[in-house]
1. How large is ³J(HN,Hα), in whole Hz, for each residue of segment 129-136 in order, when computed from phi with the Karplus curve 6.51 cos²θ - 1.76 cosθ + 1.60 and θ = phi - 60°, using x for Gly and Pro?
2. Calculate, for Lys75 and Leu211, the FRET efficiency according to 1/(1 + (r/R0)^6) with r their C-beta to C-beta distance and R0 35 Å; round to the nearest 0.05.
3. Compute the Cα gyration tensor for segment 111-162, then decide on rounded, prolate or oblate, letting a ≥ b ≥ c be the square roots of its eigenvalues: rounded whenever a/c is under 1.5, prolate when a/b is larger than b/c in the other cases, and oblate in all that remain.
4. Which of the aspartates and glutamates could a cross-linker bridge to Lys3, judged by Cα under 14 Å and excluding same-chain residues fewer than eight apart?
5. Can you compute the modelled spin-label distance between Leu172 and Leu9, with each label point 7 Å from Cα toward Cβ, in nm?
6. Straight-line reach from Lys84: which aspartates and glutamates have a Cα under 16 Å away, not including same-chain ones fewer than 8 places off?
7. Could you pull the accessible area for Glu76 with a 1.4 Å probe, rounded to 10 Å²?
Amino acid sequence: LFKWVRVSLPIMASTLVFVSALSIDWLVVASLTSVAQSAIYRVCLYLLSIQGVVDTTFYGVVGTYISRNYHQQDKEEYQAFVRKLNAVQMLATFAVFLVLFCAAGPILGIYGPDFVAGTISLQILAATWLLRSSLGPQEMLLNIVGRERVVTLVHVLAVALSVVFSLALVPLYGMTGAAIAHAIAWGGTGVLLYQIVVRKLGLRVALHHLLGVWLLERIRHGNFVTRPLKGM
């Protein structure tokens, strides 16, 4: 029981920080901008949660399989499996991203003509989480191997950075500044988690790794081989 509690508490704390991050983000905006801008930004965060639900649901379903088979697979096989898994997840995330990014104005316009002012903010937020998704399921991989405290600390760092940058940028740029602060905080910590997974676990499961392997296989099999590709 003690061991279970010791492992569970950091994961619960990390999840609590992650879930409350959007509320903290909006609270800072509401404190520094007008009621109208804070309402628009809140709708942007609400729409962004659609992208988060896709990620959470997908990894919630397959996370059990990964955790049960982690110690039964060869490292290379496990890495290849997670890469393909991330590619499938990226298809769903990218579809949501395209809708939110390309139709940000019309979607926000449903709430009223004034809400169209949040178009750039919504596009920045959607692009940020597309970037994080492309780097792979870092939190899940670290939790599986018992590094849940690292995930918690990084999430706390992300919230702290978001608040600091929001305090600096929101007075200057309004809700767009808040979206930029969000991108810096969560995009930066996403890259940090990616580096931790590579260095501590030796796993390279980001989307660009899968694309790199696919390109090398095509070159090796002689498909569309050219001298520049061979040189690379």
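The values are calculated or read from the model by the stated rules, or taken from the named source; none is laboratory data. Keep in mind that what you see is a predicted model, and the values were worked out from it rather than measured. Reconstructed Cβ throughout: ideal geometry from the backbone, glycine too, with neighbour counts over all protein chains shown. When the accessible area is computed, the model is the full protein with side chains, heavy atoms only, and any ligands, DNA or RNA have been set aside. Shrake-Rupley method; radii C 1.70, N 1.55, O 1.52, S 1.80 Å.
1. 7, 5, 4, 4, 5, 5, 7, x
2. 0.95
3. Working: a/c = 3.93, a/b = 2.37, b/c = 1.66.
It comes out prolate by the Cα gyration axes.
4. Glu148
5. That separation, rounded to one decimal, is 4.1 nm.
6. By straight Cα distance, Lys84 reaches Asp55, Asp74, Glu76, Glu217.
7. 120
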